[in-house]
Amino acid sequence: MSETTDTQQYSFKAETKQLLNILIHSLYKDREVFLRELLSNASDALNRLRFEMVTNRDVLDPNAELTIHITADKEARTLVIQDTGLGMTRDEVIENLGTIAQSGARKFLELTKEQKGDFSQVIGQFGVGFYSVFMVAEWVRVTSRSFRKDAEAVTWYATGEDNYQIGPADKSERGTRIEIKLKEGAAEFAEEFRLKNIIHKHSDYIGFPIFIGEDKTAVNKQTSLWRTSKQEVTEEQYKEFYRQTTLDFEDPLLHVHMSTDAPVQLYALLYISSKAERSMFSLRKDDGLKLYTRNILIDEYNKDLLPEYLRFVQGVVDSEDLPLNVSRETVQSSGLMPKLKKVLTNQVMRELENLAKNNAEKYETFWKEFGVYLKQGIAATPAEADTINPLLRFKTNLNPETWSSLADYVSRMKEGQKEIYYIVGEDPKSVLRSPHLDYFHSQGTEVLLLTDPMDSFMLMGLHKYKDFDLKNVAQAEVDTKEKPKDQPEAEKIPDADFNSLVETFKKVLGERVTDVRASNRLYQSVARLADADANANPELQRVYKYLGKEYEIPKKVLELNASHTILKDLLKLESNSELQNIIIEQIYDSALLVEGIHPDPSSMAPRVQQIIEAALKQKQ
Ligand code: ADP
Ligand code: MG
C-alpha cells in the first residue's frame, strides 16, 4: 500500500459534520471573520516556526521571509492565502483539520443552542476557527509542507460535505497555502479593497507582514493592540480584544493599558471582568497573565507578574527586557520578574483607587465581586496591608446600607476617638443586635461591621490604619463615667440580691464560664460574653471555626446587666426552680448565639419550647 502517494478519502467526525452543516447554511452576518481566522492560523504557524528556530536552524528554507501573501481573482472567484510558517505533515493535516476539532465543535454547538446570537465572531476560540471558511467557500484546498526536511508536501480538499480528501502535492517551499473557491454570494471577498478593510478591522495586529497581490507594502500595522499607543485604541477595540481572548460576552469592568521604559520596559493590557465567577464557556483555565517577549508568547498563565490577591486580573504583559531564548523556567529565575511585578501591581492598585474615586457605582460592583481577594491578600501578606487598605470597604452600624472606606470612617470619628472600632459577627443584621454594641450605640460611635468569613482572616493582618489601631468592641475599654444622655437611668438590683443571682448563674453554668459578674456597659442587653483574658484573640477562634478545626467553645466571662428587667423578674421566680434554671441556660445560649460561636444552635429548640409553655401558662 502506498499510503502517501495516493489520494484517500476520510470522513469528518459526527460533531464536525454538524458544525460544518451549520456554517454552510448559516446566515451569520459576520462572515468576514473567516479571513481573521485564516490569518490568525497563518500567524500562529509563523510564530511557532520562529519559536522553533530559536533553538533549531535545521529547518526547510531557513532564510525564507516570515510573511503572509494573499492573492484574489475576482473573475475566477478564488482567494489564496499563503504563509511561510511551520507547515504540516500528512498526519498533522489529518489530525488538525479532521480529528481534533471534535471537542471544540461540540462546545461551539452547545453555545449556539444555549444562546442566541452571531457566534461566528468567537468561533476561533473553540479551536475550530478554520472551519469558518465554509461560511464563504464552495470548496477549500489546503496544501502544506512541513518545516521538517524529510516530510513531503500534502494536500487536503473539502467541500464542507461529510468527507475530505488527502493526497500528495507539489510544493517545494515551507508553509501552507489555502485556496478557496468562493460561493457565488461571497464574491465580495475576492475584492482587494474589501480584504484590506477586513484586515484593518480584525487583523491589523498580526505581527507578520500581510501582502495583497503585487503590492510591496504590508497591509497591516503589525503591532499588537497592547503595543499600540493608548490614544489610537478605541473603547470598542478594547472590548473586542477582551471578548476574543476571554470569551466573556459581558463588557469588562476595567481595563488597564500601560507602557513603561523605566525601571523596566513593558507593555501591558490588563482586564478586570465584571464577575468573579468564570462562565461555562470561559477560555481561562487558570489564573495568570499571558507573558510575551517581543510579541512571542512564552507563558500562557504566568503567576509571578502580580501578587496573589490580584489573581483575578487577566491580560497580556510584553517586555523587551526578557531575553528571547527564555524558557518558562528561566523566566522564573530571571531577576526581571520582581521588577515587572512591582510596576504592574502599582499600576493596577492605582487604577482601582481611581475607579473608586471617579465611579463609585462601578467600584461597588468591583468590591462585591473581588473584595474577598483583597481581604485574603491582607491575611496572607500583612506586609501589603498598607497598599491594600485604601481599597477596603465596610458597612458600619451608623451607615449600614452604604460602603465606607477606612478614610471615610476616620473622617467621621468623634473628637478624641483614638481607635477604629469593629465588631465581628455572622451577618449584618444580627450583628447589630450584639450586646457589645450597647455602649457604642448609646454614644453614637461608629463601628465597622465585619460579617464576611474572610474578615476574620483579614483581621490577622490588619491591625492599624494610619495612626489608629483597630479594636474589637468586645474588648475595647469603655469610659462608663460618661453616661448616655438619652438613656433613662434604670434602677439597679440591690447588691445582695444581685450577688445571690450571680451565685445561681455560676451554679447552673458551672465549668462553661470562667466567671459571672456585673457589667458596666450594657443598656438594652441582658448579658454579654467577654474574654477572660484581655489579650485573647476572638478572631483566631473564629478562624478555627471556619477552618473546621476541632473547635471548643472558648470559656468566657458572662457579664450581666444589673438593671435589666429580665433579671429582676428572674429573681422573683422560686430559687433553683426548673424555670429559673432553663432561663439562665437560655440567657447563656443566646449570648453564644449573638457571638456567632454557638456550636449547635438547634439544640436550643426543646428548651425554647419549655419556656414558651411556661409563658403561656402564666397567661391562663
Ligand atoms: P486553532 O487555530 O484554534 O487551533 P483552527 O481550526 O483555526 O483551530 O485550526 C486548527 C489547526 O490546524 C491549527 O491548530 C493548526 O495546527 C492547523 N493549521 C491551520 N492553519 C494552519 C496553517 N496556516 N499552518 C499550519 N497549521 C495550520
Ligand atoms: Mg485558529
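The values are calculated or read from the model by the stated rules, or taken from the named source; none is laboratory data. Predicted, not measured: the structure shown is a model, and the values here were computed from it. Ideal geometry is used to build each Cβ from the backbone, glycine not excepted, and the neighbour counts take in all protein chains shown. Ligands, DNA and RNA are stripped out before the accessible areas are found, and what is left, the full protein with its side chains, is counted by its heavy atoms. Shrake-Rupley method; radii C 1.70, N 1.55, O 1.52, S 1.80 Å.
Defining a contact as two alpha carbons under 8 Å apart and six or more residues distant in sequence, what relative contact order in percent does region 261-420 show?
19
If the viscosity is 1.002 mPa s and the temperature 20 °C, what Stokes-Einstein diffusion coefficient in µm²/s follows for region 360-472 when Rh is the Kirkwood radius over Cα pairs?
150
So with the 1.4 Å probe, I'd like the accessible area per residue for the chain, rounded to whole Å².
49
Got the relative contact order for the chain handy, in percent, Cα pairs under 8 Å and 6 or more residues apart?
9
Give the shape of region 30-81 as rounded, prolate or oblate, defined through the alpha-carbon gyration tensor: a ≥ b ≥ c are the square roots of its eigenvalues, a/c under 1.5 means rounded, and otherwise the shape is prolate if a/b is larger than b/c and oblate if not.
Oblate shape, in that a/c is at least 1.5 and b/c is the bigger or equal ratio.
On the accessible surface of region 495-619, probed at 1.4 Å, how many percent belong to carbon and sulfur atoms?
That share works out to 52 percent.
I need the calculated FRET efficiency for the pair Ala14 and Ala187, taking r as the beta carbon distance and R₀ as 35 Å, to the nearest 0.05.
Approximately 0.60, to the nearest 0.05.
Would you pull out the residues with amide H under 5 Å of Ala276's amide H, same chain only if 5 or more places away, H placed 1.01 Å from N?
Amide H to amide H, under 5 Å and 5 or more residues apart or across chains, Ala276 pairs with nothing.
Per residue and in Å³, how big is the convex hull formed by the alpha-carbon atoms of the chain?
Each residue corresponds to 227 Å³ of Cα convex hull volume.
With a 1.4 Å probe and all protein chains left in place, how much of the accessible area of region 360-472 comes from carbon and sulfur atoms, in whole percent?
Here it works out to 50 percent.
Per residue of region 178-186, what does 6.51 cos²θ - 1.76 cosθ + 1.60 with θ = phi - 60° give for ³J(HN,Hα)? Whole Hz please, x for Gly and Pro, Karplus curve as stated.
After applying 6.51 cos²θ - 1.76 cosθ + 1.60, I find 10, 9, 10, 8, 6, 4, 4, x, 10 Hz.
How do 586-593, 161-168 rank on mean C-beta neighbours within 10 Å, highest first?
Ranked by mean Cβ neighbours within 10 Å, highest first: 586-593, 161-168.
According to a simple spin-label model (label point 7 Å from Cα along Cα-to-Cβ), what is the distance in nm between Thr223 and Leu470?
Placing both labels 7 Å along Cα→Cβ, they lie 4.4 nm apart.
Using modelled backbone amide H atoms (1.01 Å from N, in-plane), which distant-in-sequence or interchain residues come within less than 5 Å of Asn472's amide H?
Answer set, sorted by chain and number: Tyr422.
Between Glu95 and Asn346, what's the calculated FRET efficiency when r is the beta-carbon distance and R0 is 56 Å? Round to 0.05.
Efficiency computed from Cβ-Cβ geometry: 0.80.
Over region 72-195, what lengths in whole Å, largest first, do the semi-axes of the equivalent ellipsoid take, defined as the square roots of 5 times the eigenvalues of the alpha-carbon gyration tensor?
In descending order the semi-axes read 25, 21, 12 Å.
Give me the percent relative contact order of region 495-619, please, defined on Cα pairs under 8 angstrom at least 6 residues apart.
Value for region 495-619: 29 percent.
Could you state the angle between the C-alpha long axis of helix 360-380 and the longest principal axis of the C-alpha atoms of the chain, as a value from 0 to 90 degrees rounded to the nearest 10?
80
Against the longest principal axis of the chain, how steep is helix 336-358, in degrees 0 to 90 to the nearest 10, with axes from Cα atoms?
60
Evaluate the distance, in nm, between pseudo-label points positioned 7 Å from the Cα of Asn399 and of Ile611 along their respective Cα→Cβ axes.
Roughly 3.6 nm, to one decimal.
Classify region 406-456: rounded, prolate or oblate, from the alpha-carbon gyration tensor (a ≥ b ≥ c, eigenvalue square roots; a/c under 1.5 rounded; otherwise prolate if a/b is larger than b/c)?
It is oblate, given that a/c is not under 1.5 and a/b is not larger than b/c.
Divide by every residue of the chain the summed helix terms, -39500 (n - 2.57) for each DSSP H run of at least 4, and state the resulting mean residue ellipticity at 222 nm, rounded to the nearest 500 deg cm²/dmol.
Taken over the chain, the calculation gives -10500 deg cm²/dmol.
Express in nm, to one decimal, how much length is gained between Arg294 and Asn359 on full extension, taking 0.36 nm for each residue of separation and deducting their alpha carbon distance.
Length difference between fully extended and current span is 19.9 nm.
In whole Hz and in residue order, list the ³J(HN,Hα) couplings for region 44-52 that follow from phi through the Karplus curve 6.51 cos²θ - 1.76 cosθ + 1.60, θ = phi - 60°; x for Gly and Pro.
Calculated HN-Hα couplings, in order: 4, 5, 5, 4, 5, 5, 4, 5, 4 Hz.
Please compute, over every Cα-Cα pair in region 495-619, the percentage with a separation greater than 22 angstrom.
38
Tell me, rounded to the nearest percent, the portion of alpha carbon pairs in region 94-160 spaced more than 16 Å apart.
57
Residue by residue, what Karplus-based ³J(HN,Hα) values in Hz, rounded to whole numbers, does region 86-94 have, using 6.51, -1.76 and 1.60 with θ = phi - 60° and x for Gly and Pro?
Per-residue couplings from phi come out as 7, x, 9, 7, 4, 4, 5, 4, 4 Hz.
Stretched out fully, how many nm does the piece from Ser603 to Lys506 gain, at 0.36 nm a residue minus the Cα gap?
Going from the current span to full extension adds 32.8 nm.
Which order, highest average first, do 568-579, 463-474 follow once you tally other Cβ atoms within 10 Å for each residue and take the mean per peptide?
463-474, 568-579
With angles folded into 0 to 90 degrees, how steeply does helix 14-24 sit against the dominant principal axis of the chain? Use alpha carbons for both and round to 10.
In the chain, helix 14-24 runs at an angle near 70 degrees to the longest axis.
Two-decimal Rg/Rh of region 225-358 from alpha-carbon positions, Kirkwood Rh?
Ratio of gyration radius to Kirkwood radius: 0.94.
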